[in-house]
Amino acid sequence: MSSSDVRTVLVVDDSAFMRQLVSEIVDGSGEFRVVGTARNGRDALAKIASLDPALVTLDLEMPELNGIDALRQIMREHPRPVVVLSGAAERAGDVTIRALELGAVEFVRKPAGVAQYGLEAVREQLLRALHAAAHVSWRGMAPIDRAAVPTPRPRGRAARGAAMRVVAIAASTGGPRALNEIIPVLPRELGAAVIVVQHMPAGFTRSLAERLDAQSAIPVAEASAGDCVRENHVYVAPGGFHLRVQPGDGAAIMTLDTTPPIWGVRPAADPLFRSVAGVFGSAVLGVVLTGMGHDGADGLRAIHDAGGRGIAQDRESATIPGMPLAAVAKGGVDRVAPLAAMAETIRELLAGAPAM
């Protein structure tokens, strides 16, 4: 790899020890080079303006100007791919999801006890995140800056019976931002259950579900084994588990398992997509959103072959278009839609979908 192909990185962390460790991982990759370091958000903004790094790693818990406020200014004044480093504190999941909504591309969780063990345990994750960040498309990447306060749900009770239709969604890099554009604008009386697979580790999917729930008319929760698939509810697959559905007594039920990762991830979308195709047949609408790789492509084709419909996010609005492009190539896509029109496209195709 020539020196012109090596991407520059600014490392931002209030800990000198962490700055050194992250820098060693970055410089040792051969693919990236540290062009500078910063000790807090204010320092980071000045270094970005002077050094113009291609990528930024950003700690979220810092003095003077914290990571969230720094990220907001970066995306407004000096937009570029940012990988956030999430701490092990209890509220880390909430702050990390907020950062992803604001435009951060990926995150890497700092291991507990890093002072004793270093960052060796997350070297692979950090380099994978930087690699994803280096392939981001910035077209249509305006950050979402919704208020963090809950949005009251309208009065009245939606149907709570067994779902006769299902919307199954796959998302990876850029997914939290995309989901934040879709789920909060779905109607309370959608007439279907929504099941989401977002590539994300354990502990963070619950925060994702809770944040979406606080902003949505339709209730959102992390899925649990044995849950019935109910109409007008959104379920998020928990990190670390594959989620599938199977026939139950009067309603399909959700199952979780720790079988090996597929496409390097768990949860993966393909197992969910195949299972909903088997249980709900033509009453399934599959959606493949932004992300690297091929997850969801085979499963969406299975939905298509069972009589269901498939939607893929368009190249222009996807943070990384790999997954939706793979779905198109596999032949399971009936409609390609931009992110801004995805919720309306889902409602439109559901209106013409048969019930199970």
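Yes/no per residue for (1) open to solvent by 50 Å² or more (accessible area, probe 1.4 Å); (2) touching a Lys or Arg at 6+ places or on another chain (Cβ under 9 Å); (3) closer than 22 Å to K110 by Cα:
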{"position": "D5", "(1), (2), (3)": "yes, no, no"}
{"position": "I25", "(1), (2), (3)": "no, yes, yes"}
{"position": "A38", "(1), (2), (3)": "no, yes, yes"}
{"position": "L51", "(1), (2), (3)": "yes, no, no"}
{"position": "T57", "(1), (2), (3)": "no, no, yes"}
{"position": "G67", "(1), (2), (3)": "no, no, yes"}
{"position": "A70", "(1), (2), (3)": "no, yes, yes"}
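Sort out which residues of the range 289-301 are open to solvent by 20 Å² or more (accessible area, probe 1.4 Å) and at negative phi, and write them in order of number. Spell out how you get there, then give the answer.
Just the residues of the range 289-301 that are open to solvent by 20 Å² or more (accessible area, probe 1.4 Å), to begin with: 292-294, 298, 301.
Those that are open to solvent by 20 Å² or more (accessible area, probe 1.4 Å) and at negative phi: M292, H294, D298, R301.
Let's see how each residue does on (1) on the phi > 0 side of the Ramachandran plot; (2) at pLDDT below 90; (3) open to solvent by 30 Å² or more (accessible area, probe 1.4 Å):
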| site | (1), (2), (3) |
| --- | --- |
| M75 | no, no, no |
| S86 | no, yes, no |
| E90 | no, yes, yes |
| A121 | no, yes, yes |
| E124 | no, yes, yes |
Fill in the blank from the handout: Scanning the range 176-191 residue by residue, those outside any helix (DSSP H, G or I) and either open to solvent by less than 10 Å² (accessible area, probe 1.4 Å) or among the basic types (K, R) (or both) turn out to be L186, R188
Problem - Failed condition for L243, given (1) within 23 Å of D94 (Cβ to Cβ); (2) in a strand (DSSP E or B); (3) in contact with a Lys or Arg (Cβ under 8 Å, 6 or more places away or on another chain) - result: (3)
Practice task
Taking the residues in the range 323-353 that are closer than 30 Å to G248 by Cβ and open to solvent by 60 Å² or more (accessible area, probe 1.4 Å) as candidates, determine which candidate is farthest from the chain's Cα centre (by Cα).
Solution key: G352
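On the given criteria, is R128 basic (K, R), closer than 21 Å to P261 by Cα and either at pLDDT 85 or above or surrounded by 15 or more Cβ atoms within 10 Å (Cβ to Cβ) (or both)?
Numbers: basic (K, R): yes; closer than 21 Å to P261 by Cα: yes; either at pLDDT 85 or above or surrounded by 15 or more Cβ atoms within 10 Å (Cβ to Cβ) (or both): yes.
Spelling it out, R128 is indeed basic (K, R), closer than 21 Å to P261 by Cα and either at pLDDT 85 or above or surrounded by 15 or more Cβ atoms within 10 Å (Cβ to Cβ) (or both).
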Handout entry: Search result, residues across the range 332-356 that are under 17 Å from A168 (Cα atoms) and in a loop (DSSP other than H, G, I, E, B)
Key = G332, V333, D334, G352, A353, P354, A355, M356
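Conditions (1) within 22 Å of N180 (Cβ to Cβ); (2) open to solvent by less than 40 Å² (accessible area, probe 1.4 Å); (3) under 17 Å from the mean Cα position of the chain (by Cα), marked per residue:
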| position | (1), (2), (3) |
| --- | --- |
| G226 | no, no, no |
| V236 | yes, yes, yes |
| W263 | no, no, yes |
| D270 | no, yes, yes |
| V279 | no, yes, no |
| V287 | yes, yes, yes |
| I303 | no, yes, no |
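Residue by residue through the range 63-73, note down the ones that are modelled with pLDDT under 90 and on the phi < 0 side of the Ramachandran plot.
Kept after step one, since they are modelled with pLDDT under 90, are these residues of the range 63-73: 63-64.
Hit for the range 63-73 is P63, nothing else.
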Practice task
Of the numbered conditions (1) at pLDDT 90 or above; (2) out of contact with any helix residue (DSSP H, G or I) (no Cβ under 9 Å at 6 or more places or on another chain), N40 fails exactly one; give the number of that condition.
Solution key: (2)
Handout entry: the range 241-292, residues that are in contact with a helix residue (DSSP H, G or I) (Cβ under 6 Å, 6 or more places away or on another chain) and of a type in the set (K, R)
Key = R244, R274
Practice task
Pairs only if they're at least six apart or on different chains, beta carbon under 8 angstrom, first in the range 244-271 and in contact (Cβ under 8 Å) with a residue 60 or more places away in the chain and of a type in the set (G, A, S), second assigned to a loop (DSSP other than H, G, I, E, B) and crowded, with 22+ Cβ neighbours inside 10 Å; list them, first residue then second.
Solution key: A251/A163; A251/V229; A252/A163; A252/V229; A268/H199; A268/D295; A269/D295; A269/G296
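Conditions (1) among the β-branched types (V, I, T); (2) buried (at least 20 other Cβ atoms within 10 Å of the Cβ); (3) farther than 26 Å from M292 by Cβ, marked per residue:
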site	(1), (2), (3)
A193	no, yes, yes
H199	no, yes, no
A209	no, yes, no
A217	no, no, yes
V229	yes, yes, yes
D249	no, no, yes
P260	no, no, no
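The values are calculated or read from the model by the stated rules, or taken from the named source; none is laboratory data. Just so we're clear, the structure is a prediction, and the values are computed from it rather than from any experiment. When we count neighbours, we look across all protein chains shown, and the Cβ atoms used for this are built from the backbone with ideal geometry, even at glycine. Only protein heavy atoms, including side chains, enter the accessible area calculation; ligands, DNA and RNA are left aside. Shrake-Rupley method; radii C 1.70, N 1.55, O 1.52, S 1.80 Å.
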